Amino acid sequence: MYRIALFVLLGLIAAGLLQPSLTSSAGEDKKAVGDGRKAGGEAKKSAGGHGHHKHFMDCAKACDDCGRICNACSAHCARLVAEGKKHHAETLATCADCATACHAASCVTARMGPFSDLMCTACADACKRCGDACDKHKDDPMMRECAESAGVARRRAATC
């Protein structure tokens with residue numbers, strides 16, 4: 001239960017929806033979590049074997065789906081840049097990087113790896129930035145689809 005709450009909190013912070021507190025007790029909690037212990041000193045249990053497989057697979061699928069859309073959108077942006085629409089250079093880069101982050105998060109999460117939380121946080125942050133960049137071009141159907149997909153993946157990754 002603690003782990004899920006932590007992942008939701010990290011996702012909200014990554015998405016910019018929550019500002020972390022920088023008090024000394026929060027720093028101690030971060031240190032305790034960072035070295036593999038809960039705030040009470042108890043060792044973290046691994047994700048494997050606790051019936052979380054479907055949850056991890058749902059997260060992996062959302063990340064992978066977003067990565068595919070971002071790859072398609074980056075190719076679309078490359079064509080637009082080649083046609084002289086230089087303002088799509090930013091979205092070309094954000095979509096390509098988001099696709100890479102999403103595919104990496106999908107791989108790690110699908111195998112319920114120990115860095116799933118970190119990868120999902122990175123995926124959620126990349127999806128937020130990519131979605132914001134593509135959202136500036138709502139009139140383009142591919143860009144709109146990419147922004148929507150990034151939003152879905154960001155919300156899903158925030159719950160991992």
Could you tell me whether any residue of segment 131-143 is surrounded by fewer than 24 Cβ atoms within 10 Å (Cβ to Cβ), under 15 Å from the mean Cα position of the chain (by Cα) and not small (Gly, Ala, Ser)? yes
Kindly indicate whether CYS73 is outside any loop (DSSP other than H, G, I, E, B), touching a residue at least 40 places away in the same chain (Cβ under 8 Å), under 10 Å from CYS130 (Cβ atoms) and more than 13 Å from the chain's Cα centre (by Cα). yes
Taking only segment 118-160 into account, find how many residues are in contact with a helix residue (DSSP H, G or I) (Cβ under 6 Å, 6 or more places away or on another chain), under 17 Å from ALA72 (Cα atoms) and part of a loop (DSSP other than H, G, I, E, B). 2
The condition of being surrounded by fewer than 20 Cβ atoms within 10 Å (Cβ to Cβ) and on the phi < 0 side of the Ramachandran plot holds, among ASP125, ASP97, only for ASP97
If ALA32 meets every condition in (1) more than 26 Å from ALA150 (Cα to Cα); (2) modelled with pLDDT of 95 or more apart from one, which number is that one? (2)
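The values are calculated or read from the model by the stated rules, or taken from the named source; none is laboratory data. Predicted, not measured: the structure shown is a model, and the values here were computed from it. Positions of Cβ are backbone-derived with ideal geometry, glycine not excepted, and every protein chain shown enters the neighbour counts.
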